[in-house]
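The structure appears below as structure tokens.
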Number of protein chains: 4
Amino acid sequence: MKALVYKSPGKKALEQRPKPTLQAPDDAIVRILKTTICGTDLHILRGDVPTCAPGRILGHEGVGVIEEVGVAVTSLRVGDRVLISCISSCGKCDYCRQGMFSHCATGGWILGNTIDGTQAEYVRTPHAETSLYPLPEGVDEEAMVMLSDVLPTGFECGVLNGKVSPGSTLAIVGAGPIGLAALLTAQLYSPAQIIVIDIDDGRLEVARQFGATRVLNSAREDIAAVVLSLTEKKGVDTAVEAVGVPATYTLCEKIIGPGGIIANVGVHGQAVELHLERLWSQNISITTRLVDTVSTPMLLKTVRSGKIDPIRLITHRFDLDNILEAYDTFEKAIDTGALKVIISP
Amino acid sequence: MKALVYKSPGKKALEQRPKPTLQAPDDAIVRILKTTICGTDLHILRGDVPTCAPGRILGHEGVGVIEEVGVAVTSLRVGDRVLISCISSCGKCDYCRQGMFSHCATGGWILGNTIDGTQAEYVRTPHAETSLYPLPEGVDEEAMVMLSDVLPTGFECGVLNGKVSPGSTLAIVGAGPIGLAALLTAQLYSPAQIIVIDIDDGRLEVARQFGATRVLNSAREDIAAVVLSLTEKKGVDTAVEAVGVPATYTLCEKIIGPGGIIANVGVHGQAVELHLERLWSQNISITTRLVDTVSTPMLLKTVRSGKIDPIRLITHRFDLDNILEAYDTFEKAIDTGALKVIISP
Amino acid sequence: MKALVYKSPGKKALEQRPKPTLQAPDDAIVRILKTTICGTDLHILRGDVPTCAPGRILGHEGVGVIEEVGVAVTSLRVGDRVLISCISSCGKCDYCRQGMFSHCATGGWILGNTIDGTQAEYVRTPHAETSLYPLPEGVDEEAMVMLSDVLPTGFECGVLNGKVSPGSTLAIVGAGPIGLAALLTAQLYSPAQIIVIDIDDGRLEVARQFGATRVLNSAREDIAAVVLSLTEKKGVDTAVEAVGVPATYTLCEKIIGPGGIIANVGVHGQAVELHLERLWSQNISITTRLVDTVSTPMLLKTVRSGKIDPIRLITHRFDLDNILEAYDTFEKAIDTGALKVIISP
Amino acid sequence: MKALVYKSPGKKALEQRPKPTLQAPDDAIVRILKTTICGTDLHILRGDVPTCAPGRILGHEGVGVIEEVGVAVTSLRVGDRVLISCISSCGKCDYCRQGMFSHCATGGWILGNTIDGTQAEYVRTPHAETSLYPLPEGVDEEAMVMLSDVLPTGFECGVLNGKVSPGSTLAIVGAGPIGLAALLTAQLYSPAQIIVIDIDDGRLEVARQFGATRVLNSAREDIAAVVLSLTEKKGVDTAVEAVGVPATYTLCEKIIGPGGIIANVGVHGQAVELHLERLWSQNISITTRLVDTVSTPMLLKTVRSGKIDPIRLITHRFDLDNILEAYDTFEKAIDTGALKVIISP
């Protein structure tokens, strides 16, 4: 089968690889219908993710059709259309039982990282019954790809951790795909204000169309001053950090109000300064999270009922044969306007 | 009346001052029966608290008898014995309505800070009905002084923010009065392990007597290694920072497990490093809080029912005339073994 | 001044009464701009509310302008436009401190019940600072009247108690003003399905326009069967009882799914059967509540930000001089299509 | 093997049966070390549980040693000592993923009900990895049998559903094994008062020894009056119904305070009256639950750390050969003083 393989830092290739086979009683083999590229894939390609060795097939998102299941799989059948979660969950270890699938003893983020992933014609998915979700009748397959990672990440790490609630004020720092996923899913809780901050006017315009009540360009505006003026001098209830660099984290500290929550979503490469000399008395929380995808069943229901439309995140479509071009488009997002790209084997 | 006055950085004096008088309809004048000294008073005396001007009567803790009430005060009577909360709460601003009394628009920590405090024969208490608590019949007055600040601080900032729960594992970094208050009140939730960490063996011995399941001297032991070995390599569910310096905060980061909470209680004078490059994926929270004293009614009930015995925190007793000696004893706590000192006018 | 007075069971009159005067330091006198009639007023007029004695001015809803304040009132000024909460809250008793204003030791539902109410030119409001809410700039006065009682009741007793959440399934039994208020405010949490049940097709049509995903006429349809078919045979997550008779409560028991909540909003006049022989193992909850109006500040924000539009509940408008006609229109709601009627002095 | 078999209403027998064999990849065969009898077993023997057909081996509690595992079982090994949960949980259906194992699509309460149970030398346990819990080193086997059903039932249905909290007031109606299990586990949350009510002085004396702060005999005392006098006229915060008849439920309604929770634990055979005409405005909740055993890992930790001592519930011990005598002793509990009886094959 064809597969996109991480060769070495800076190098990737579309290669022929053997079709995967069942290895454990709770495995499934899934034929990929649609997959996509994540910012994390770019991190791997830069050599920044040591757990991912050269030779690995990338990709941890997608929808597909079940081709084969292990002997212990009873609730999924060959031919079922399924959503592939970016997080594999055994359903039985301590962490899974607590809903923290990201830290599953034999799962977590393994697809396209420590085992072969979804940017291929087929993928082997461990712990199939607790890591795949049957697609409801009539839902759009491309929309469902957004539920593998980007929507639950924005929702769980940003919206749920940030305790967005009716009437609350929310700032999202970073209007990339993850920030926009937080923006879309935050609206499930009807906050009064959603302020989106970025340095790219194009992305800010998308944010405005997606429901931001105010967009701010941090290259031009004094964000802290504007946010205070928008919030009766209090600061926001929730600040979602969706970039992953010290400057954006620091901005969150500046705009968070007493009693507020800084919900970190960004993948950080270095330490940041935590100003406890000012914040110790401010009753704030800072949260971190690797997406657990515990909210996937709920997000499926909200998509199905039309409460959110994930297709808005999709800007480009490619065949698997052109996946190198897809990577190129996704990497040059500021120029291409790419958010999420769909790849079809 | 006699009162302990902050004169200038490094200087304090026991002076004669006029007895306070009612200034607002919801004020009360309270005759002090017992008061105490807090670590924050020492901060003020070092000149570290800019909101507190020279000339201020110090003290934000105590019990007393109501001498006089304003016209709007209907639920308290002259002669009532009351607990004085360290936090004044108007009960009607946005923050008070949300239970965040520490940020009350016209209150918060003002006693012995921006208005005269309790280390005197009398004190004026603003917002009396929502800042004083009538003492139940038969409770010990000295025990009640511990409910002004130290117990609610350890409980709210450490135990509640840290979500201590039955069967959970808890580490408390710092065995001073606040850390010990967290230790006493944590036991209301029956955690399976309470590991207390300090550099002073005397304080660790107190912690052991107060219910620590394990005490560790960080001057001698590799804390991170021992904590991992005590927690099946996971780290603790809750780490309470009860010192307020970078090293102790950093220690909390090292021992916190996935899904855990670092509950900061310490008053910090400088920024710390937050290692988001490691923690972004660890599903942890870091919380800060100035005590709100929302838990005071509940703590009163637990003390009254014998679930906690705050008297264990009291090591020394002085007359108000000897308050300078009391300060000396409290300041040299490592040598004197002082935890909380009771001062009686 | 003119006022609508409850004379005796079955009798009411528009009479001249003296303008109210301040009685306590935390009182305010409010000149009424807009008021309305509640189903509870009809209960009083039938003689069903023993706490309300003949001679009482009715009404517990409205907006107005502050004419005078007691000496203890510092945060409200003469001339402020305010929302009058149906629940008076002292802000300082045990129940108020727990957010259960409905059980305030010296407040609760007293306006138009145990003290004179708002269907008049002026009203005295006790505990003014914790029972009145300044109107934000630019909000519609008539919309605000809906925040005195009907919206917080539907929201707190139905939506909050019922834990409506994104993707959940909700049934509302009864499409009167309270049921419709639950319907409007439930959408703040984006449930996947909102099934509204009534016996009047007119009200069901209104429910459909207000956002019901399905309406069912219980006079014609087998509700339990249809609800099961709409919910994969599980039953709903939340059933809001918004009528107050045994039959509608029983219907809620029939449609609630395992793990679900029956949130009672209706005012009941007799006991109902609770089928514990079937429900003991179904992990359900049944909740009751007299509105606390703790959510008023939050609802103000959602109305101001356009998330809900309470004006949709208003069907008729009258001058105070014509309040008897207003009562008539409201009482014959099935014929007149009345939901909420606005009365202007 | 020897097994206790339900023959027909009123009849049971100790018989020879074939040793069970693996039927599914996630099964385990467990050799029973200790088992016990539950009140539910008596219900079955009276013919009150239609799901349980004659010929069934009874018993849903016990500890044992794993003899054999299915091919999908990876985290349990032959020779492991395990606790057998009374609830079988697949870990992958919607209900299991929500922590509501009692309603597992292919599990729930099936042992000794719809499949053969634990009152035998061996038992087959479906969904082994999510229904068995390895015993920690050094814990007492008999203590662990109490964690199969009685302790999690008292804890989840009574204490957790009832939101027992530090300083709160709790009444437990019924001092049988389940009520006493609620009593033991409630103390994990340090309520200020635990009032236990029964008609048997012997059981009340046990309750007193187990930590009740007050015991009341409802055959002799006016319970409602006494409870009001003990709670400042408010009623209790939590009332646990641990009997299962209308009179005890009604008593809970009489003693519950505003804002309180009636947590039903009892297995009811008929409907009760719910006095909504009085309770609609009292902000109360009534909860029901079939134990989910989600708290088993946590209870294991609290037992291991010495926070609760389940052995106190064990009054008698028998060999499997004498199980008919064990049933007799358990059934005549008022005379024999039996709480839980241990049976050893």
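The values are calculated or read from the model by the stated rules, or taken from the named source; none is laboratory data. Bear in mind the structure is a predicted one, so any value in this text is a computation, not a measurement. Reconstructed Cβ throughout: ideal geometry from the backbone, glycine too, with neighbour counts over all protein chains shown. Note: accessible area is taken over every heavy atom of the protein model, side chains too, but ligands, DNA and RNA are not part of it. Shrake-Rupley method; radii C 1.70, N 1.55, O 1.52, S 1.80 Å.
Side notes on the structure shown:
- B:Ser85 in contact (Cβ under 8 Å) with a residue 60 or more places away in the chain, under 23 Å from B:Leu58 (Cα atoms), touching a Cys at 6+ places or on another chain (Cβ under 6 Å) and open to solvent by less than 10 Å² (accessible area, probe 1.4 Å): no
Every residue, every condition in (1) touching a helix residue (DSSP H, G or I) at 6+ places or on another chain (Cβ under 7 Å); (2) modelled with pLDDT under 95, yes or no:
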| site | (1), (2) |
| --- | --- |
| D:Leu4 | yes, no |
| D:Lys19 | no, no |
| D:Leu22 | no, no |
| D:Asp26 | yes, no |
| D:Asp41 | no, no |
| D:Gly47 | no, yes |
| D:Gly55 | no, no |
| D:Gly62 | yes, no |
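- Annotation: A:Ala53 fulfils all but one of (1) more than 14 Å from chain D (Cβ to nearest Cβ); (2) in a loop (DSSP other than H, G, I, E, B); (3) open to solvent by 50 Å² or more (accessible area, probe 1.4 Å); the unmet one is (3).
- Exclusive hit being open to solvent by 60 Å² or more (accessible area, probe 1.4 Å), over 22 Å from D:Val206 (Cα atoms), within 14 Å of chain B (Cβ to nearest Cβ) and out of contact with any helix residue (DSSP H, G or I) (no Cβ under 6 Å at 6 or more places or on another chain), set D:Glu273, D:Glu232: D:Glu232
- Output for the range A:276-299, where each listed residue is open to solvent by 20 Å² or more (accessible area, probe 1.4 Å), more than 7 Å from chain B (Cβ to nearest Cβ) and of a type in the set (A, V, I, L, M): A:Val294, A:Met298
- Any hit, the range C:60-71, residues being closer than 29 Å to C:Arg317 by Cβ and touching a Phe, Trp or Tyr at 6+ places or on another chain (Cβ under 6 Å): no
- Tallying residues that are more than 11 Å from every other protein chain (Cβ to nearest Cβ) and more than 18 Å from the chain's Cα centre (by Cα) within the range A:56-81 yields 13.
- Subset of the range C:62-82 [open to solvent by less than 70 Å² (accessible area, probe 1.4 Å) and part of a strand (DSSP E or B)]: C:Gly62, C:Val63, C:Gly64, C:Val65, C:Ile66, C:Glu67, C:Val69, C:Val82
- Put simply, of C:Tyr133, C:Tyr122 the only residue that is of a type outside the set (D, E, K, R), over 25 Å from C:Leu324 (Cβ atoms) and in contact (Cβ under 8 Å) with a residue 24 or more places away in the chain is C:Tyr133.
- Subset of the range B:176-195 [open to solvent by less than 10 Å² (accessible area, probe 1.4 Å), more than 13 Å from the chain's Cα centre (by Cα) and among the hydrophobic types (A, V, I, L, M, F, W, C)]: B:Ala186, B:Leu188, B:Ile194, B:Ile195
- Residue in the range C:39-46 that is small (Gly, Ala, Ser), part of a strand (DSSP E or B) and farther than 30 Å from B:Ala128 by Cβ present: no
- Inside the range D:136-159, residues that are in contact with a strand residue (DSSP E or B) (Cβ under 6 Å, 6 or more places away or on another chain) and open to solvent by 20 Å² or more (accessible area, probe 1.4 Å) make up a count of 2.
- When D:Cys90, D:Cys96 are checked against the criterion of being hydrophobic (A, V, I, L, M, F, W, C), in contact with a helix residue (DSSP H, G or I) (Cβ under 9 Å, 6 or more places away or on another chain), modelled with pLDDT of 95 or more and part of a helix (DSSP H, G or I), a single residue qualifies: D:Cys96.
- Scanning the range B:28-50 for residues that are open to solvent by 30 Å² or more (accessible area, probe 1.4 Å), within 27 Å of B:Leu313 (Cβ to Cβ) and either among the aliphatic types (A, V, I, L, M) or more than 14 Å from every other protein chain (Cβ to nearest Cβ) (or both) gives B:Arg31, B:Leu33, B:Lys34, B:Arg46.
- Verdict on C:Thr329 being buried (at least 17 other Cβ atoms within 10 Å of the Cβ), outside any loop (DSSP other than H, G, I, E, B), of a type in the set (Ser, Thr, Tyr) and within 14 Å of another protein chain (Cβ to nearest Cβ): no
- All of (1) under 21 Å from D:Pro345 (Cα atoms); (2) surrounded by 23 or more Cβ atoms within 10 Å (Cβ to Cβ) hold for D:Gly162 with one exception: (1).
- Scanning the range C:248-270 for residues that are open to solvent by 10 Å² or more (accessible area, probe 1.4 Å), more than 7 Å from chain D (Cβ to nearest Cβ) and more than 15 Å from C:Ala175 (Cα to Cα) gives C:Thr250, C:Lys254, C:Ile256, C:Ile261.
- Residue in the range A:123-140 that is under 14 Å from the mean Cα position of the chain (by Cα) and within 27 Å of D:Cys93 (Cα to Cα) present: no
- Qualifying residue in the range A:312-320 (condition: farther than 30 Å from A:Gly117 by Cβ and not in a helix (DSSP H, G or I)): no
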